[in-house]
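The structure under discussion appears below in the form of C-alpha cells.
The values are calculated or read from the model by the stated rules, or taken from the named source; none is laboratory data. Computed from a prediction, not measured in an experiment: that's the story for all the values here. A quick note on method: Cβ atoms are made from the backbone with ideal geometry, for glycine too, and the neighbour counts reach across all protein chains shown. The area values use the complete protein model at the heavy-atom level, side chains included, leaving out ligands, DNA and RNA. Shrake-Rupley method; radii C 1.70, N 1.55, O 1.52, S 1.80 Å.
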Amino acid sequence: MPSTLRLGIPGFSYCDLFEPDRLKELHNLFDAELAAANPELFAAWNSYRTNPVQPRTPVEISALLVGVAGHVSRFLIRLFQVEAEAEALAQKTSDQSPVFRFKIDFVRRRVLPTLKKIAVPQEAAARQALEERVAALRGSDADIELATATAAVRLMDEEKKDRAAVAPAIEDMLQWCALHLHDPAYGHWVSFRFPEAVEHFNLVEVERPIDTLPESMIGPPGRLRRRDGFVLTDRRMEPRQILSEIHYCILCHERDKDTCSKGIRDAGGAATKNPLDIPLEGCPLDEKISEMHYMRKHGDAIGALALVMLSNPMCPGTGHRICNDCMKACIYQKQEPVNIPQIETAVLTDALELPWGVEIYGLLTRWNPLNIGRPYALPYNGKNVLVVGMGPAGYTLAHYLANEGFGVAGVDGLKIEPLDTRLTGTEDLDPEPVHSWKAMYEELDARILEGFGGVSEYGITVRWDKNFLTLLHLTLSRRKTIRIYGGVRFGGTLTIEDAWKWGFDHIAIAAGAGRPTIIDMKNNLACGIRKASDFLMALQLTGAFKRSALPNLQVRLPAIVVGGGLTAIDTATELAAYYPVQVEKTLDRYEALVERGSRDSVLACFSPLEREILGEFLK
C-alpha cells in the first residue's frame, strides 16, 4: 500500500512541492518564520542575498550559511514531521562524544607519549586481573569501546576533584590501553586509530616478490579484501568511523583556512602543487565542506545536506569513490587527510534513512533557501533544450536547466529502463511519495541496470553504490519539465535537423566518455582482444555478471590489461571477479543440457576451438 504523506505545515500538500508557484510561497513562509525566530540573523541574511557583492569576509559568509542551515533543517523536519527521528539521530551523535574525548585526551595525550614507559603486566595471571579490573570499570555495556571511553572520561572528570582517589584506576586504564593499542582484535576501534604519515612517493604499499623483476608488484596480504561476485565491494565507513573523521577535521572555515574547499594558494592566489606536481585546487564545486562537518558534528544531517546541495545538488552522483580533490587539498598535508568523500556520502545516507528521506533530498533539489541565486525552481519559460547524454554532465545540466524554467529532453544512446510510473507520476497521476529509502534499495548483483548515468552506470563497477543513480533518475523523472529517452543516438536516430524541426531552442552536447580507446596496432580487434570500456559496458549492461542471467561474455585467463587508470583498474578487478561466475554458469548449463540429451549431442554444434574453451572451463 502506498504511504500517505501529510505535511506538517498547514496549507501545503505533497503535490505542491513540485509546483514552482507553491515553492515560492513555501520560501516566503520560511523567510517569515526566520525573521520572527531570529530577526538579527534574518536581517544579515537578507542583506547578503540582496547584495551579495558587498564586501564580506569568507568567515562572515560561512557563519551566515551555518546559521540559516539550522533553520532550514528545522523547517524541513517540521514539514515532513520527522521530529522524533531527527532528535534520535542527534542523540546518537551526542552519545558518541565520550569516544572522541577518550581518543584525544586519554589515548593520544596520555598513552601515546608514555607508551614505552607504561608498565604493562607480562604474566598471564596479572593480565587477566587487569582485564577484570577494567571490565569492572566499564560495566556490562555491549558496546565495549563506548563503555571503555565513558569509564575513562568519568575517571578524568573525577581526577580533577581527587587525583589520589582515582590514581589506581587511571593506571589500570593506561596499562590496558597500552596492552591493546596495537592488538589486531581492537584494530576496528576508532579510539586506537591515528593518522599515518603521508609519503608522496610511496603512497601505495606494495611488495615485489620477484627479485629479478622489480616491475612485478603485489599488494601486502594484510590489505587483501576477498571478493565473491558482484555485490557492493565497499560498504563504506560505520557511523562511528564517520564521526571520527568529522572530529579529526579542525573546522577550518571558522578561520578561512578551509583548503579542502578553496585549495591551497600561494601569495598570488595560484594553486600550489604537492610533491607529485598535482595542483591543490580543492573542491571543483567549492562545496561547503567544513560547514557540512560542523552541522553533522552537532547531529544535524539535514542541515549538513542542505549545505552540500548549495553547490552540489546532484551529490548522490559524487561523494564516496568518485572524487577526492578535497582530500588532496586538506589542511593535513603531511599525514592522512580527513576522508571527506566518506563523510559526504554518510551525510546523504543519514538524511535518506530518515522517514521520507528520499522526499527531503528531492525537495532540496527544487527548493533550498541557502541558494541565494536560485532558492526555488522557476516556472516553465517556454524554451526547450535537448541534452545529449545522460551521464553525470548531462543529468546535472538537466537539473540546472529545469530549475531555471527550461523544458528539457535528455537522450542517451544506452537503453534507459523506465521507472515505476507510480513513483514518477504521469500527466494524469501525481507521484507517490517514498517513505523508506531502504524500500528502493537493491543489492547490486540483483539490481536491474537502468542505463541512466552513463559512465557511472557501466564504467564504474561494484566499488560504488549505483542505487544513488536510481535516486537521481527518480528525482529528475519526477520533474514535469524533464523527459528522458534511452536508445537514441544523436546524429543517427536523432539528427540536428530533427531537433530544430521538433521545436528545440538549444542543443547541449554532454556525450561524455562512452567511446572506447582504439590503439593503433595491427590486429587490435582480433579474437580475444577487447577494449576495456567496451568490456565493462558489455559486462554491466547485458547483465552477464549475474549468475541467473542468460547473456555470456567470454573471457579467458591469464589476461593482460593495457593501461593503469580507473578504467584499467575496474577492468582488472571485474575480470577476476567475473571469471569464476562465467565458469560456474557454463558448468551449470552444460550439465543441464547433457542431462536432457547427451554429451555428444551437446558438443555436436561446437567448433574445435569452442570445444577446447568449453573443456578448459569444465576442467
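For first residues located in the range 487-500 and open to solvent by less than 50 Å² (accessible area, probe 1.4 Å), partners that are hydroxyl-bearing (S, T, Y) and modelled with pLDDT under 95 and lie 6+ apart or on another chain with Cβ distances below 8 Å form the pairs G487/T493.
What are the residues in the range 70-112 that are under 30 Å from D31 (Cα atoms) and small (G, A, S), if any?
The first filter runs over the range 70-112 and keeps only residues under 30 Å from D31 (Cα atoms), leaving 70-91, 93-94.
Within the range 70-112, G70, S73, A84, A86, A88, A90, S94 meet the criteria.
Give A178, A152, A164 a once-over and let me know the one that is open to solvent by 40 Å² or more (accessible area, probe 1.4 Å) and among the hydrophobic types (A, V, I, L, M, F, W, C). Testing whether each residue is open to solvent by 40 Å² or more (accessible area, probe 1.4 Å) and among the hydrophobic types (A, V, I, L, M, F, W, C) leaves just A164.
State whether the residues of the range 535-544 include one that is open to solvent by 40 Å² or more (accessible area, probe 1.4 Å), closer than 19 Å to E457 by Cα and assigned to a loop (DSSP other than H, G, I, E, B). The answer is yes; a qualifying residue exists. Of the residues making up the range 287-326, those that are open to solvent by 40 Å² or more (accessible area, probe 1.4 Å) and part of a helix (DSSP H, G or I) are Y294, K297, D325.
Take E131 and decide whether it is assigned to a helix (DSSP H, G or I), within 21 Å of L243 (Cβ to Cβ), in contact (Cβ under 8 Å) with a residue 40 or more places away in the chain and not hydrophobic (A, V, I, L, M, F, W, C). No, not satisfied. Only a single item in (1) touching a helix residue (DSSP H, G or I) at 6+ places or on another chain (Cβ under 6 Å); (2) open to solvent by 10 Å² or more (accessible area, probe 1.4 Å); (3) at pLDDT 95 or above is not met by T272, and it is number (1). For the range 16-27, a residue qualifies if it is open to solvent by 50 Å² or more (accessible area, probe 1.4 Å) and either within 32 Å of the chain's Cα centre (by Cα) or more than 28 Å from L429 (Cα to Cα) (or both), and the qualifying residues are E19, R22, K24. Looking across the range 551-603, the residues that are open to solvent by 30 Å² or more (accessible area, probe 1.4 Å) and either in contact with a Cys (Cβ under 9 Å, 6 or more places away or on another chain) or among the aromatic types (F, W, Y) (or both) come down to Y579, Y590.
For the range 122-142, a tally of residues being charged (D, E, K, R), open to solvent by 50 Å² or more (accessible area, probe 1.4 Å) and within 38 Å of the chain's Cα centre (by Cα) returns 1. Residue check: I484 meets all listed conditions (1) farther than 23 Å from G615 by Cα; (2) at pLDDT below 95; (3) in contact with a helix residue (DSSP H, G or I) (Cβ under 8 Å, 6 or more places away or on another chain) but one, namely (2).
The residues of the range 41-79 that are polar (S, T, N, Q) and within 25 Å of the chain's Cα centre (by Cα), listed by number, are S62, S73.
Just checking, how many residues over the range 227-246 are under 30 Å from V99 (Cα atoms), open to solvent by 50 Å² or more (accessible area, probe 1.4 Å) and either over 19 Å from the mean Cα position of the chain (by Cα) or among the basic types (K, R) (or both)? Let's see the steps before the verdict.
Let us first name the residues in the range 227-246 that are under 30 Å from V99 (Cα atoms), namely 232-246.
Checking the rest, the ones that are also open to solvent by 50 Å² or more (accessible area, probe 1.4 Å) come to 235-239, 241.
When the remaining residues are screened for being either over 19 Å from the mean Cα position of the chain (by Cα) or among the basic types (K, R) (or both), the result is 235-236.
Residues that pass the stated criteria total 2.
Residue-by-condition table, conditions (1) touching a helix residue (DSSP H, G or I) at 6+ places or on another chain (Cβ under 9 Å); (2) open to solvent by 50 Å² or more (accessible area, probe 1.4 Å); (3) within 25 Å of L364 (Cβ to Cβ):
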position	(1), (2), (3)
A37	yes, yes, yes
Y48	yes, no, yes
I61	yes, no, yes
V72	yes, no, yes
L76	yes, no, yes
Q81	no, yes, yes
F100	yes, no, no
V107	yes, no, no
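Looking for something without any contact (Cβ under 8 Å) to a residue 12 or more places away in the chain, surrounded by fewer than 19 Cβ atoms within 10 Å (Cβ to Cβ) and closer than 28 Å to D505 by Cβ - is there at least one such residue anywhere in the range 402-412? Give the derivation first.
Taking the range 402-412 as the starting set, the residues that turn out to be without any contact (Cβ under 8 Å) to a residue 12 or more places away in the chain are none.
No, every residue in the range 402-412 fails to be without any contact (Cβ under 8 Å) to a residue 12 or more places away in the chain, surrounded by fewer than 19 Cβ atoms within 10 Å (Cβ to Cβ) and closer than 28 Å to D505 by Cβ.
Residues that are among the hydrophobic types (A, V, I, L, M, F, W, C) and more than 17 Å from G543 (Cα to Cα) were ranked within the range 429-463; the one that is nearest to the chain's Cα centre (by Cα) is W437.
Scanning the range 425-474 for residues that are in a helix (DSSP H, G or I), open to solvent by 20 Å² or more (accessible area, probe 1.4 Å) and over 26 Å from D228 (Cβ atoms) returns a single hit, A439. The residues in the range 109-121 that are modelled with pLDDT of 95 or more and either surrounded by 15 or more Cβ atoms within 10 Å (Cβ to Cβ) or aromatic (F, W, Y) (or both) can be counted, and the count is 2.
Yes or no, residue by residue, for (1) free of Cβ contacts under 8 Å to residues at least 60 places away in the same chain; (2) more than 28 Å from L541 (Cα to Cα):
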position	(1), (2)
I331	no, yes
N339	no, yes
E353	no, yes
G362	no, no
P369	no, yes
Y376	no, yes
T421	yes, no
E427	yes, yes
